[in-house]
Structures are given as structure tokens and as C-alpha cells.
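What follows is a short report on a single structure.
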Number of protein chains: 4
Amino acid sequence: MTEFDVAGLQRRLADFAAARDWERYHTPKNLAAALSVEASELLEIFQWLTPEQSARVMEDPGTAHRVADEAADVLAYLLQFCEVLGVDVLAALDAKIERNETRFPVPDRPDSPNRHSSE
Amino acid sequence: MTEFDVAGLQRRLADFAAARDWERYHTPKNLAAALSVEASELLEIFQWLTPEQSARVMEDPGTAHRVADEAADVLAYLLQFCEVLGVDVLAALDAKIERNETRFPVPDRPDSPNRHSSE
Amino acid sequence: MTEFDVAGLQRRLADFAAARDWERYHTPKNLAAALSVEASELLEIFQWLTPEQSARVMEDPGTAHRVADEAADVLAYLLQFCEVLGVDVLAALDAKIERNETRFPVPDRPDSPNRHSSE
Amino acid sequence: MTEFDVAGLQRRLADFAAARDWERYHTPKNLAAALSVEASELLEIFQWLTPEQSARVMEDPGTAHRVADEAADVLAYLLQFCEVLGVDVLAALDAKIERNETRFPVPDRPDSPNRHSSE
């Protein structure tokens, strides 16, 4: 990962929309729809691929660029959605991972050397 | 926003999946499908709301929690998708914002006091 | 509606795919993904519109054609999906409407002239 | 397929919504969102399955019922969407198949007995 931080990107996206007077389009409902549309554009790249082909999409430079670009679009709308509603999505994901660690405990593995450790 | 960083969350998600032996399900294609499904679950909250109602969803604590939780799910699958394909999504979004600043120039505004400035 | 029937369209779609050797791509999973992608392309037309604007999309011939074309794509993938899995979607919808009539009873309306009728 | 016809189902869906005063929710935009959400619920059934597992979903009665039910939901919202906008989706699909027959001609096949015929 890089030095770009989420708060900084979120601020730039907000400034970008404000400068173009696009805020009136950015209702939570519209941003949720746009997020879903972008997620589908990412899925479209994979829809006819076998699982094996899907694991190799980054080998072709054109497809690799398209994948990164659609992923960026998904993040852009997610951050804008969270901005207009005041959702701290990093904190929400942190909380979710903690809940899931309780909800889906790591199964005992007979072959695990750590199984009887004192942790 | 908080002190949680994207790289740290991405690592915890990867550890979580590895500990449960879920990595075999995490093909790029499956993660793209799951991302799209989660984005639709977020949209579902808004599908019958007017624009005005959609702007007030955080006033009800139950709905506010659901919104944050679904947004977290979207981010979780986006980060896992980017992890398995080696996509740096923050860098991709930074590049996208820069391209969009050229592609959609800020329009001149007749009423802008800065319009004839020397910038 | 027209004289075209669903069974006939379904057969033509199957013949079309078979003639091009596309059947190997038509797993139920791939067709479900494609159906979801096409439904998002339909939604994309509406994502930034107000409810009022969305009600007038057929006034512009170009948009009207795009709407009909995307709706046709959704139906095409739905019929192909149902074909490969042997789902009779018209019978399933008939059964669903019947269940919903029980699940969501018509509310009494104080102002309804039929309310005290003998039905 | 069955004797149920699309026009009849469409009329029953319209009557159902009218009797419950749900028409005010049924803007084209909301119905397009709901259609997309239902298509994702269908995809959800398949998201972690291998192509081979996806071909066997009808073997389990519970999953088979869920598949048929979600497919019916997709058709329900597609028909309601087309109803409120006056789109004849069967005619649109007929036209689409005809265009695609020109756009994607059947390839010559070296092993085809008809290849050198006079057609």
C-alpha cells in the first residue's frame, strides 16, 4: 500500500464534487446506486472467466488497468457515500472484524502444532 | 476518520480468511461477485426511500447501524479483492482523481470572485 | 404486450448460444452474474435522476431505446438462467403472487365503497 | 413452460400494487433499483460455488426453491418496471435477438457438414 490516506482521498473527492456543483446529485440513495453500478462493472470483467482465468487477469496490462480503475471507482463512491452520511467506514470495518472473530471462531485443527499451546 | 489504516485492516482480513481456510473460496471472481452482492445490500436499504428520506437514514439508530455495517462489508470485500490481485486501490484512486481533474475541468462561474484572478 | 411468447424466446436464445458454441460459458453462476450486471446497466440510466425525471425517460427516443434494450438484456439472461436450471419462472412468479396475496392482505379502507359488501 | 402468460402476470402485479397503494413507491428508478437488488440476491446463492457446484444447485430442494423464488422476484420487478414505462419487453427481446444474429454471425466450422453447401 501507499502513503495515500483515506481521509485525504475523501476530502479531495468532496472538494472535486463541490467545485463542479455535483453535490446536489450526491444523495445517499444516488451514491448507493452508483456504488452498486460500479461494483457490477468490476464483476463484468470476470463474468465469463473460469476461476483459474480470473486469477490471472493482472497478466494482461489492459485488463490490469481496467481492474484497478473499476476498483478505484468502487472506493470513490463508497467514500463519498460515507462522507455524506458521516459513516466512519474504517472504524465500522474494525468493529466488524472483531465481531466476526467471535462469530466464526477458528476451528481446532488436529494437525496444528499450536493447538495445545498456552495462548 | 480514525487511526485505523487500510493496510492494517487488509492484513487482518487476510489473516482472518487464512485462519479459517477460506482462501480457496477467495478467487478474484468470487470476491468481485461478493462485493457486488454487498453493494446491493447497501442499496436495498434505500430502494423505496425518497431522496429526502435517504438523507435522514442515520437518525434511526437501527438503520444507522445497518448502513455502517453494510458499508463495512463493501470495504471488506473490496480490500480482499485488491489483496488477492495485488491492486493498490488507494494509489489507483489517487490517479483516477488526477485524471478526472483534467477530464472534468471546473467550469467558469460568472459569479466567482476568483474568476479573473491571476492563478 | 405482443404475440411473442416466453417459451419461443427461450428456445431462440438457446439455439443462438448453441450455434456459437457459447454453452460452455453458460454455467448457472455465470448467467446469474451476467443477469446482475445487466440489471445494473439498467439502473445506471437512472442513478442520478430525480424520481420525477425517472418517470419521463421514455420522452427522449435515445434513452427510450436504451431502456428497452437493457430490459431485454435482463430478460435474456433471466430466461437463459432458467433454461439451464430447468426453472419454470412463469409458474414460480404465479406461485409467488399467490403467496404474497396471503402475506400482504389488502388493508381495510375506511373510504372504500366496497368495504361492507358481501364478498 | 406453462400456460401462464406474461401479460396476465403483469396485470396481476399491477392490481396487487394498486390494491395496497404501493404505486407511489413504484417510480421507474425505484423499480430499477429493486430489480438490481433481486438479481444480486440470486447471485448471492452462487457466489462461493465452483462452476460445477453451481450446475447442481437444483439437487437440493431447499436451494432449488430459493433459486426459483429469487428468479420470480427478478421477473416480478422487471415486469413492473416495463409496465410503468410502457416497455414491451418481449418485443424488445425479439428485436435484440434479431440484431444479435447479424452482429454475431455463426462461425464457419471446419468439421461442419454444411460448410460447403450452397446456402
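Taking residue D:84, is it buried (at least 16 other Cβ atoms within 10 Å of the Cβ), at pLDDT 95 or above and over 25 Å from residue C:46 (Cα atoms)?
Details: buried (at least 16 other Cβ atoms within 10 Å of the Cβ): yes; at pLDDT 95 or above: yes; over 25 Å from residue C:46 (Cα atoms): no.
Taking the combined requirement at face value, the residue does not satisfy it.
Restricting region A:15-33 to residues that are touching a Leu at 6+ places or on another chain (Cβ under 9 Å) and hydrophobic (A, V, I, L, M, F, W, C), which is surrounded by the most Cβ atoms within 10 Å (Cβ to Cβ)?
A:32
Exactly one of (1) farther than 23 Å from residue B:102 by Cβ; (2) in contact (Cβ under 8 Å) with a residue 40 or more places away in the chain is unmet by residue A:36. Its number?
Of everything listed in (1) farther than 23 Å from residue B:102 by Cβ; (2) in contact (Cβ under 8 Å) with a residue 40 or more places away in the chain, residue A:36 misses just condition (2).
Report, by residue number, each residue of region B:66-93 that is closer than 18 Å to residue A:32 by Cβ and either over 12 Å from the mean Cα position of the chain (by Cα) or hydroxyl-bearing (Ser, Thr, Tyr) (or both).
Residues of region B:66-93 that are closer than 18 Å to residue A:32 by Cβ, as a first pass: B:66-78.
Hits for region B:66-93 are B:66, B:67, B:69, B:77.
List pairs: first in region C:9-22 and within 13 Å of residue D:104 (Cα to Cα), second exposed (fewer than 15 other Cβ atoms within 10 Å of the Cβ), Cβ under 6 Å, 6+ apart or cross-chain?
C:17/C:23; C:19/D:106
Could you figure out which of (1) buried (at least 17 other Cβ atoms within 10 Å of the Cβ); (2) modelled with pLDDT under 95 isn't true of residue D:68?
(2)
I'd like the full set of residues that are closer than 30 Å to residue A:26 by Cα and within 9 Å of chain A (Cβ to nearest Cβ), limited to region C:7-37. Steps first, answer last, please.
First, pick out the residues of region C:7-37 that are closer than 30 Å to residue A:26 by Cα: C:32-37.
C:33, C:34, C:36, C:37 - these are the residues of region C:7-37 that are closer than 30 Å to residue A:26 by Cα and within 9 Å of chain A (Cβ to nearest Cβ).
Residues that are within 18 Å of residue D:67 (Cβ to Cβ): list the helices (runs of 4 or more DSSP H) wholly contained in region C:1-114 that include at least 1 such residues. Step through it out loud before you land on a result.
Working: elements: C:6-19, C:28-46, C:51-54, C:61-85, C:89-103.
Counting at least 1 such residues, we get C:6-19, C:28-46, C:61-85, C:89-103.
Identify the residue in region B:38-65 that is more than 17 Å from the chain's Cα centre (by Cα) and within 13 Å of chain D (Cβ to nearest Cβ) and, among all such residues, is surrounded by the most Cβ atoms within 10 Å (Cβ to Cβ).
B:47
The values are calculated or read from the model by the stated rules, or taken from the named source; none is laboratory data. As the structure is a computational prediction, the values presented were derived from the model and not from experiment. In this analysis, Cβ positions are derived from the backbone assuming ideal geometry, glycine residues included, and neighbour counts consider all displayed protein chains.
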